Amino acid sequence: MSNNERSPLPIGLAKQRKNDKQRRKPDLRIRRTRSLLSNALIALMQDKSIDKITVQEVLDSATVGRSTFYLHYRDKDDLFLCVLEDGLEMWSTALLRKQEKSYRVAPVAEFFMHVGDAKKLYRALVDSGRIHAFFELAQGYFARGIARRLKDMGLKNLVQSELDARSHAFAGNLLSLLKWWLDRGTRESPKAMDELFHRMAWNGLQSKSKLRWTIPVLG
């Protein structure tokens, strides 16, 4: 087995790569290739540890050539990191992109539902020892998304340092609540967890703002 197939995740997973990964908007063909490879890796992780998955297995599942794979990714773990980053970017900015008019600072219900439906993938992260790296990466993405959301909602009476601190704390609370919910067997509904999270979040923010929000209908 080659080093490319078994190379460990880079140290400092939560740090955004800037030099070796350009965030240019890819064309349709590139997006399709990346989607095939991402979906193939996720599917394989449902049944076996990522450490036991080889690049060749990903290629066979995605029907993509080896040379094409290495045009996009350094190795299997680079692909895995991109899968995590793309998913977290989507979820952490979901409310901003929807321009939702509500008191919610993060799409807790939707994100919890997504993770709850992917229990095998979550277990694969736990079993491979990568779950802590995932939570570290996720906290950075959600902290940035929540900070932008609070600004868009008109909460401008916080100095930047306090806004950053609160956003980081909210993101940590969100992920801690997610772990608690999963460990309990997802007994509560994602909607109930959304409302619980935002009650706790806004109890701390109400004294800092004159804004008042109503709970949205989540479906």
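Where a number appears in this text, it was derived from the coordinates with a stated rule and is not lab data. Quick caveat, the model's predicted, so the values are computed rather than measured. Backbone-built Cβ (ideal geometry, glycine too); neighbour counts: all protein chains shown.
Place the peptides 28-36, 90-98 in order of packing, highest mean first, counting for every residue the other Cβ atoms within 10 Å and averaging per peptide.
Details: 28-36: 13.0, 90-98: 16.3.
Peptide ranking by packing, descending: 90-98, 28-36.
Among the GluC sites (Glu not before Pro) in the range 80-164, those located in a DSSP loop and surrounded by at most 16 other Cβ atoms within 10 Å of their own Cβ are E100.
Taking the Cα centre of the range 142-183 as origin and assigning +1 to Lys and Arg Cβ atoms and -1 to Asp and Glu Cβ atoms, the resulting dipole is close to 160 debye.
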